[in-house]
Amino acid sequence: MTNRALAATVTLAVIGGLGLAQTALAATLADFPPSTRTGVTYQKDIQPIFKESCFGCHGTERQSGKLRLDSLDAVLKGGKDGAVIVAGKSEKSDLVENIAQIGDTPMPPKPKRPRPAAGATNTPPATAQPAASKPLTKEQVGLVRAWIDQGAK
């Protein structure tokens, strides 16, 4: 096989792999179908989920990415990068990909392992990070999807 043919084969393999990765992302989102529950509201159904898993970084005291999830108005406003939901279209909402842990920024993030300070003896340094939250369940992600699909009210 010539170098040119080898380079073409490698290029096609990389491009094909990227296509498979995009297909895998779409297939993964399908693993989190919207709930069939109707009448889903932020106050009644979504805020308790966010309070449990998100307020530590996206609440009144701390707003990572300038994003607050502690009120309906704040969620609809979005953060420093703009809106995180597209009302009526959960499949196009960054928040859904993130809470399903399939987007570029999985939320809640996996806890970072603290590094010992220079000269320290297995003592983790003090940190301003809130305690790690558990990822949302498939059912919780499905409820958030239903809420967004129903207009995010």
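Scanning segment 29-74 for residues that are over 18 Å from Thr137 (Cα atoms) and among the aliphatic types (A, V, I, L, M) yields a count of 3. Hey, can you tell me all the residues within segment 58-93 that are surrounded by fewer than 13 Cβ atoms within 10 Å (Cβ to Cβ) and either aromatic (Phe, Trp, Tyr) or on the phi > 0 side of the Ramachandran plot (or both)? Across segment 58-93, the qualifying residues are Lys66, Gly82, Gly88.
Looking at segment 100-109, is at least one residue more than 19 Å from Trp147 (Cβ to Cβ), exposed (fewer than 11 other Cβ atoms within 10 Å of the Cβ), at pLDDT below 90 and within 14 Å of the chain's Cα centre (by Cα)? Among the residues of segment 100-109, at least one is more than 19 Å from Trp147 (Cβ to Cβ), exposed (fewer than 11 other Cβ atoms within 10 Å of the Cβ), at pLDDT below 90 and within 14 Å of the chain's Cα centre (by Cα), which makes the answer yes.
Residue by residue, here is whether (1) in contact with a Gly (Cβ under 6 Å, 6 or more places away or on another chain); (2) surrounded by 10 or more Cβ atoms within 10 Å (Cβ to Cβ); (3) modelled with pLDDT under 50; (4) part of a helix (DSSP H, G or I) holds:
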site: Ala8; (1), (2), (3), (4): no, yes, yes, yes
site: Leu12; (1), (2), (3), (4): no, yes, yes, yes
site: Ala24; (1), (2), (3), (4): no, yes, yes, yes
site: Thr36; (1), (2), (3), (4): no, no, no, no
site: Val40; (1), (2), (3), (4): no, yes, no, no
site: Lys44; (1), (2), (3), (4): no, yes, no, yes
site: Gln47; (1), (2), (3), (4): no, yes, no, yes
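The values are calculated or read from the model by the stated rules, or taken from the named source; none is laboratory data. Owing to the predicted nature of the structure, the values given are computational and were not obtained by experimental measurement. All Cβ positions, glycine included, derive from the backbone under ideal geometry; neighbour counts span all protein chains shown.
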